[in-house]
């Protein structure tokens, strides 16, 4: 049987030809699919920015102006970069509910895709800080260096324990507990509200990653001493000792000297 | 032998003597030991004299005990800490188990405090016990002082004991501040920097004192070692010695008591030290200790691992001293900006000098008030009956004004936290507190005085006419009256027995002259006692009972 086949109509080159045809077909199809995938990504990015522009016109332009050039009510957003938008909108600070000393964090008004779309749109208006790469946001880094950088650069407003603090005229540095690492990074590069900008020459991206690592360490490790009383230091400790410790003891003295009825 | 001992000690009653022959081995040993000790230390005399001392029962009389017991806890826990703490500012690199500080440069003091917190068994608990007990110590002293003040328990013969107690309050603050500085962390370093700034604000000598204190330019390398000697040696020695005298004075002068049936200036009604009071007090010690340990085991205090080592450049938001220094920090914060003068090229920092004058003045008023009041009343009698605050309206009002003044300064130390937590502007908070610092005590004074008068009037009304019973009776003529429930004699006693002072009359001395001091005193006396509600007299009561 095999012998009759070999001497049949299939030539010895047939298998080679088949292989070549197969490879060509697969490769060609793959190339076709891949190139079409690339094309769709580009068009998706374009549509994202377009989508962002529509969202911007509907939600932001009344204050920031058409084309984000700014009005008397709000600044121009040309050149603030995607990071600024991702921070302000992604933490719910924008759109503002009301004018006040500073924009306050509140429930986020847009979905994550919408935030990214707005960021993509604003990024097309001019060069600015981009949304940070994931490698800086892992929370892995030199915690000790991050803690030292935090004490030197951040603690005077945000408090050493990241509990926040007062600024002038009702403005404040917020509590940093459980803030998303991306938002911490974006805040450092864009300097929202009253915060100064810590650019990459001032604090390198790796050092920013260390600071984030320290904040993540604080989030993941509750105070070794027990309840932290808000991390506010001697004020909450003093109130605690007067109200709870001395209060409990005074209650005991009343009980000890009570007359039985 | 045994019989002789029991006679001298007076512990065995004559009726128990026949039992001596049948006592067991244990009892014989107890008797022998008691005799042995007594023959050498004359303890029976002490027990006879002091064991039967009477202590009146009232919850507010136990606050001083709270201070004493928390002091004992502070001493015990502090001794443990001295085993491991290194009072040195030698620079080292931390190599303990707290990751966020690993490899960071710091002083040996800070590193050893971190080791106590993380690498010594039970160290963190003892550190927190020490610090919480210290806060409680000063807080209970404060509350104890308020009780003594508002009940007039500082009057003759106890003025000196008030001064001793006041000294203890100051020493406790000094102990607290030196202890707060020892770990050499960022927070305590900032506290020291404020002290340095205040010292340097003093004209001429300020800089010299600062260099002397820190052994050169701040922060220097000596201050921790010096504070350590003060904190564990000198200050505790003085403190414990004065506590001893303070307590002995309570035995000597006897405790005050509130007015009540059978209680007079010449007796003390209560329970004897042995055994009831001693048992209660011993138990109370363990309750206080227990509360401190419970708090220390569950609540963080002074998390130096967050603060990090001291470095003169960073200052954290929310940097405050421990509560008992807060009033001084608050006073600094309340001074309006720009209080500086330049004279002949020298800057006079009024923003520092004013607090440096106001704070000691306030403390001096607290210390010497008993002598001022004694001078105004001219009262040389012994007072062993504690006043109800309403029955001394002027003193209570002055006290309320002082408390308000202190409270405003205290609140000002947390002005930034008030601003963030109540969503206010910190400038607004400061302005409000500045106004309150002046207006608050005045308002508190008048309001408190009026409240005291009102309460006295109410007491008078009740003493004369009894309680409103709520029962309305219609008389045959159609008139409605509410039946008043008369008081028992016991209840009435409490309401009517208090010292009634009257304004002093200006009288010429033996040379026929009226001195300026006399006039001032008479004026002060008028201020104190011109408006007053006199206690119900016997005549009034009798005429009322005929109704």
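The values are calculated or read from the model by the stated rules, or taken from the named source; none is laboratory data. As the structure is a prediction and not an experimental result, all values here were calculated from the model. We place every Cβ from the backbone using ideal geometry, glycine too, and count neighbours over all the protein chains shown.
Test residue A:247 against the stated conditions and say whether it is more than 9 Å from chain B (Cβ to nearest Cβ), under 30 Å from residue B:63 (Cβ atoms) and free of Cβ contacts under 8 Å to residues at least 40 places away in the same chain. Talk me through it step by step, then tell me what you get.
Working: more than 9 Å from chain B (Cβ to nearest Cβ): yes; under 30 Å from residue B:63 (Cβ atoms): yes; free of Cβ contacts under 8 Å to residues at least 40 places away in the same chain: yes.
Taking the combined requirement at face value, the residue satisfies it.
Go through (1) over 30 Å from residue B:146 (Cα atoms); (2) surrounded by fewer than 19 Cβ atoms within 10 Å (Cβ to Cβ) for residue B:349 and report which single condition fails.
The number of the failed condition is (2).
Scan the range A:114-136 and tell me whether some residue there is assigned to a loop (DSSP other than H, G, I, E, B), within 14 Å of chain B (Cβ to nearest Cβ), within 18 Å of the chain's Cα centre (by Cα) and more than 21 Å from residue B:414 (Cα to Cα). Walk me through how you get there before you give the answer.
As a first pass, look at the range A:114-136 and keep what is assigned to a loop (DSSP other than H, G, I, E, B): A:126-133.
With the extra rule that they be within 14 Å of chain B (Cβ to nearest Cβ), the set shrinks to none.
No, that holds for no residue.
Hey, can you tell me all the residues within the range B:286-298 that are surrounded by fewer than 17 Cβ atoms within 10 Å (Cβ to Cβ) and farther than 30 Å from residue A:144 by Cβ? Can you show your working first?
Keep residues of the range B:286-298 that are surrounded by fewer than 17 Cβ atoms within 10 Å (Cβ to Cβ), which gives B:286, B:290, B:294, B:297-298.
Correct list: B:286, B:290, B:294.
Among the candidates A:78, A:85, which residue alone is closer than 27 Å to residue A:165 by Cα and either in contact with a helix residue (DSSP H, G or I) (Cβ under 9 Å, 6 or more places away or on another chain) or at pLDDT 90 or above (or both)? Give the steps one after another, and end with the answer.
Values: A:78 fails: closer than 27 Å to residue A:165 by Cα.
Criteria check complete, one pass: A:85.
Anything in the range A:214-229 that is assigned to a helix (DSSP H, G or I) and at the interface with chain B (Cβ under 9 Å from one of its Cβ atoms)? List them, or say none. Working first, answer last.
Taking the range A:214-229 as the starting set, the residues that turn out to be assigned to a helix (DSSP H, G or I) are A:214-220, A:229.
Passing the criteria: A:214, A:217, A:218, A:229.
Here's the yes/no breakdown for (1) surrounded by fewer than 16 Cβ atoms within 10 Å (Cβ to Cβ); (2) more than 14 Å from chain A (Cβ to nearest Cβ); (3) more than 30 Å from residue B:95 (Cβ to Cβ):
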{"residue": "B:300", "(1), (2), (3)": "no, no, no"}
{"residue": "B:306", "(1), (2), (3)": "no, no, no"}
{"residue": "B:317", "(1), (2), (3)": "no, no, no"}
{"residue": "B:325", "(1), (2), (3)": "no, no, yes"}
{"residue": "B:330", "(1), (2), (3)": "no, no, yes"}
{"residue": "B:336", "(1), (2), (3)": "yes, yes, yes"}
{"residue": "B:342", "(1), (2), (3)": "yes, yes, yes"}
{"residue": "B:366", "(1), (2), (3)": "no, yes, yes"}
{"residue": "B:369", "(1), (2), (3)": "no, yes, yes"}
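In the range A:251-261, how many residues are more than 7 Å from chain B (Cβ to nearest Cβ) and assigned to a helix (DSSP H, G or I)?
Quick first cut of the range A:251-261, residues more than 7 Å from chain B (Cβ to nearest Cβ) only: A:251, A:255, A:258-261.
Narrowing further to those that are assigned to a helix (DSSP H, G or I): A:251, A:255.
The qualifying residues number 2.
Count, please, the residues in the range B:268-279 that happen to be touching a residue at least 60 places away in the same chain (Cβ under 8 Å) and assigned to a helix (DSSP H, G or I). Write out each step before concluding.
In the first step, residues of the range B:268-279 are kept if they are touching a residue at least 60 places away in the same chain (Cβ under 8 Å); the result is B:268-274, B:277.
The next check asks that each one be assigned to a helix (DSSP H, G or I); those that pass are B:273-274, B:277.
Looking only at that region, the number is 3.
So which of A:102, A:114 is touching a helix residue (DSSP H, G or I) at 6+ places or on another chain (Cβ under 9 Å) and either over 18 Å from residue A:191 (Cα atoms) or surrounded by 20 or more Cβ atoms within 10 Å (Cβ to Cβ) (or both)? Give the steps one after another, and end with the answer.
Numbers: A:102 fails: either over 18 Å from residue A:191 (Cα atoms) or surrounded by 20 or more Cβ atoms within 10 Å (Cβ to Cβ) (or both).
Going through A:102, A:114 in turn, the sole match is A:114.
Would you mention how many residues in the range B:377-394 are part of a helix (DSSP H, G or I) and farther than 24 Å from residue B:517 by Cβ?
Residues in the range B:377-394 being part of a helix (DSSP H, G or I) and farther than 24 Å from residue B:517 by Cβ: 4 in total.
Does residue B:500 satisfy the condition of being loosely packed, with under 13 Cβ neighbours inside 10 Å and within 25 Å of residue B:375 (Cβ to Cβ)? Working first, answer last.
Numbers: loosely packed, with under 13 Cβ neighbours inside 10 Å: yes; within 25 Å of residue B:375 (Cβ to Cβ): yes.
Spelling it out, residue B:500 is indeed loosely packed, with under 13 Cβ neighbours inside 10 Å and within 25 Å of residue B:375 (Cβ to Cβ).
What about residue B:282, is it at the interface with chain A (Cβ under 10 Å from one of its Cβ atoms), without any contact (Cβ under 8 Å) to a residue 12 or more places away in the chain and in a helix (DSSP H, G or I)? Even if it seems obvious, please write down each step before you answer.
Values: at the interface with chain A (Cβ under 10 Å from one of its Cβ atoms): no; without any contact (Cβ under 8 Å) to a residue 12 or more places away in the chain: yes; in a helix (DSSP H, G or I): yes.
When the stated conditions are applied, residue B:282 does not pass them.
Taking the options B:296, B:374, B:397, name whichever one is within 14 Å of chain A (Cβ to nearest Cβ) and outside any loop (DSSP other than H, G, I, E, B).
B:296
Yes/no per residue for (1) loosely packed, with under 15 Cβ neighbours inside 10 Å; (2) within 30 Å of residue B:121 (Cα to Cα); (3) out of contact with any helix residue (DSSP H, G or I) (no Cβ under 8 Å at 6 or more places or on another chain):
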residue: B:36; (1), (2), (3): yes, no, yes
residue: B:40; (1), (2), (3): yes, no, yes
residue: B:53; (1), (2), (3): no, no, no
residue: B:56; (1), (2), (3): no, no, yes
residue: B:60; (1), (2), (3): no, no, no
residue: B:63; (1), (2), (3): no, no, no
residue: B:71; (1), (2), (3): no, yes, no
residue: B:78; (1), (2), (3): no, yes, no
residue: B:83; (1), (2), (3): yes, yes, yes
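Are there any helices (runs of 4 or more DSSP H) wholly within the range A:1-72 with 1 or more residues that are loosely packed, with under 10 Cβ neighbours inside 10 Å and at pLDDT 70 or above, and if so which? Lay out the reasoning, then the answer.
On the way: elements: A:2-6, A:14-59, A:61-64.
The helices (runs of 4 or more DSSP H) meeting that bar are A:14-59.
Could you tell me which of the residues A:187, A:147, A:173 is within 7 Å of another protein chain (Cβ to nearest Cβ), in contact (Cβ under 8 Å) with a residue 60 or more places away in the chain and either crowded, with 22+ Cβ neighbours inside 10 Å or within 24 Å of residue A:201 (Cα to Cα) (or both)? Steps first, please.
Numbers: A:187 fails: within 7 Å of another protein chain (Cβ to nearest Cβ); A:173 fails: in contact (Cβ under 8 Å) with a residue 60 or more places away in the chain.
The conditions single out A:147.
Can you confirm whether residue B:359 is part of a helix (DSSP H, G or I) and touching a residue at least 60 places away in the same chain (Cβ under 8 Å)?
Details: part of a helix (DSSP H, G or I): yes; touching a residue at least 60 places away in the same chain (Cβ under 8 Å): no.
So residue B:359 does not fit the description; no.
Just to check your reading of the model, which residue among B:412, B:419 is within 13 Å of another protein chain (Cβ to nearest Cβ) and over 25 Å from the mean Cα position of the chain (by Cα)? Spell out the reasoning first.
Numbers: B:412 fails: over 25 Å from the mean Cα position of the chain (by Cα).
The conditions single out B:419.
Can you report the number of residues in the range B:87-114 which are closer than 21 Å to residue A:225 by Cβ, without any contact (Cβ under 8 Å) to a residue 60 or more places away in the chain and more than 13 Å from chain A (Cβ to nearest Cβ)?
Of the residues in the range B:87-114, 2 are closer than 21 Å to residue A:225 by Cβ, without any contact (Cβ under 8 Å) to a residue 60 or more places away in the chain and more than 13 Å from chain A (Cβ to nearest Cβ).
Is it the case, given these coordinates, that residue B:136 is without any contact (Cβ under 8 Å) to a residue 24 or more places away in the chain, within 11 Å of chain A (Cβ to nearest Cβ), crowded, with 20+ Cβ neighbours inside 10 Å and in contact with a helix residue (DSSP H, G or I) (Cβ under 8 Å, 6 or more places away or on another chain)? Break it down into steps so the answer makes sense when it comes.
Details: without any contact (Cβ under 8 Å) to a residue 24 or more places away in the chain: no; within 11 Å of chain A (Cβ to nearest Cβ): yes; crowded, with 20+ Cβ neighbours inside 10 Å: yes; in contact with a helix residue (DSSP H, G or I) (Cβ under 8 Å, 6 or more places away or on another chain): yes.
Answer is no for this residue.
Considering each residue of the range A:232-244, count those that are more than 7 Å from chain B (Cβ to nearest Cβ) and surrounded by 20 or more Cβ atoms within 10 Å (Cβ to Cβ), and give that number.
1
Listed here are the residues, each with its yes/no results for (1) more than 34 Å from the chain's Cα centre (by Cα); (2) modelled with pLDDT of 85 or more; (3) within 30 Å of residue B:260 (Cβ to Cβ).
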residue	(1), (2), (3)
B:505	yes, no, no
B:510	yes, no, no
B:520	no, yes, no
B:525	no, yes, yes
B:529	no, yes, yes
B:533	no, yes, yes
B:543	yes, no, yes
B:546	yes, no, yes
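Show me the helices (runs of 4 or more DSSP H) entirely contained within the range B:1-106 in which 3 or more residues are modelled with pLDDT of 85 or more, within 27 Å of the chain's Cα centre (by Cα) and not assigned by TED's automatic domain parsing to the domain that holds residue B:133. Steps first, answer last, please.
On the way: elements: B:2-9, B:25-41, B:43-50, B:63-84.
By residue number, B:63-84.
Working only within the range B:419-468, note down all residues that are in a loop (DSSP other than H, G, I, E, B) and either in contact (Cβ under 8 Å) with a residue 12 or more places away in the chain or out of contact with any helix residue (DSSP H, G or I) (no Cβ under 9 Å at 6 or more places or on another chain) (or both). Spell out how you get there, then give the answer.
Start the filter on the range B:419-468 by keeping residues that are in a loop (DSSP other than H, G, I, E, B), which leaves B:422-425, B:466.
Within the range B:419-468, B:466 is the sole residue that qualifies.
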